[in-house]
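Below is one structure, written out as structure tokens; the observations come after it.
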Amino acid sequence: MTNQTELLSEHACFGGQQRFYSHDSKEIGLPMRFSVFLPPQAAHGAVPALLYLAGLTCNEETFMVKAGAQRVAAELGLALIAPDTSPRGASAPGEADSWDFGVGAGFYLDATQAPWSSHYRMERYLTAELLPLVASTLPIASERTGIFGHSMGGHGALTLALRHPGLFKSVSAFAPICAPTHCPWGRKAFTGYLGSDESSWAAHDATALMMQTKTAPFPGGILIDQGLADKFLAEQLHPHLFEAACRSAGQPLTLRRHVGYDHGYYFITTFMADHLRHHARHLTA
């Protein structure tokens, strides 16, 4: 890594390496942390990578500790990259007042409203800084990158995939916020980060973005898993709206609804292998 990037810890894991880093981010203007799992195949050459975006209140450790992804990623030869969910230490007024806005809740967009616009630039950070950084300093094949995530991170995965189709070759999500302009979490975040003019919000709403497409952006298909015992399903997530938008756009979508599964990582780890294999089909062909 560069002189501005510090390896915080490294752990042998399924024949590969689980690493945690800190670096000085130019886009954020603050130190940021991220984690990388390198499969054993990375010792012999560049490997495809998956960018995972975590949900509200999470950080760069959550996925690597809870999701149980490394074993199958090692078998498939996939690197895993997990950033933090927001800047830390921005000292913006009120940034730690609630769990669904501010710290741990960056919503993977670039804020346009003060004081958030000074540091809350997560979209540019991920696409223009973090991914190029890991690709230039680790054995990762940048042209074979997929994206997935959970809840707020599922929103991030879908929207960034649709906004940057040339960057991401595959996409999936667990219980994503599919239509943030139509749910309390999204409306709160968008009002704060983007302002009260709702005409700017659609550019960060996966359902709205899909409705604007004229051809299927991911003809190989999008995979979404949703638990039917998820307490946030009815009010916050709205997968049926994204499903309808995909149908209208001719975008292949596999939306699996699971009886008895909730919103947490027991649900995620149950279906993690399916998501990794979904991406591997597109990234390792």
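Things to note:
- Contacts under 7 angstrom Cβ, first residue in region 31-53 being closer than 7 Å to Ile81 by Cβ and in contact (Cβ under 8 Å) with a residue 24 or more places away in the chain, partner of a type in the set (S, T, N, Q) and assigned to a strand (DSSP E or B), 6 or more apart: Ala49/Thr145; Leu51/Thr145
- Pairs where the first residue, in region 233-253, is over 14 Å from Leu158 (Cβ atoms) and the second is small (Gly, Ala, Ser) and assigned to a helix (DSSP H, G or I), C-beta under 9 Å, 6+ apart: Gln236/Gly186
- Checking each residue in region 1-49 for being touching a strand residue (DSSP E or B) at 6+ places or on another chain (Cβ under 6 Å), hydroxyl-bearing (Ser, Thr, Tyr) and closer than 13 Å to Leu133 by Cβ picks out Thr5, Tyr21, Ser22, Ser25.
- For region 48-65, a residue qualifies if it is within 21 Å of Leu158 (Cβ to Cβ), outside any loop (DSSP other than H, G, I, E, B) and either open to solvent by 20 Å² or more (accessible area, probe 1.4 Å) or of a type in the set (S, T, N, Q) (or both), and exactly one does: Thr62.
- If you filter region 108-131 down to residues that are in a helix (DSSP H, G or I) and open to solvent by 60 Å² or more (accessible area, probe 1.4 Å), you find that the one that is farthest from His150 (Cα to Cα) is Ser118.
- Among all positions in region 256-270, there is at least one residue which is more than 14 Å from Cys178 (Cβ to Cβ), open to solvent by less than 10 Å² (accessible area, probe 1.4 Å) and not polar (S, T, N, Q).
- Contact map, region 171-189: residues that are closer than 13 Å to Phe232 by Cα and modelled with pLDDT of 95 or more paired with residues that are small (Gly, Ala, Ser) and not in a helix (DSSP H, G or I), Cβ distance under 8 Å, separation 6+ or inter-chain. Pairs shown: Phe174/Gly149; Phe174/Ser151; Ala175/Ser151; Ala175/Gly227; Pro176/Gly149; Pro176/Ser151; Ile177/Ser151; Gly186/Ala179.
The values are calculated or read from the model by the stated rules, or taken from the named source; none is laboratory data. Treat the numbers as computed from the prediction; the structure is a model and nothing was measured. All Cβ positions, even for glycine, are placed from backbone atoms using ideal geometry, and neighbour counts span all protein chains on display. In case anyone asks, the SASA skips ligands and DNA or RNA and just uses the protein heavy atoms, side chains included. Shrake-Rupley method; radii C 1.70, N 1.55, O 1.52, S 1.80 Å.
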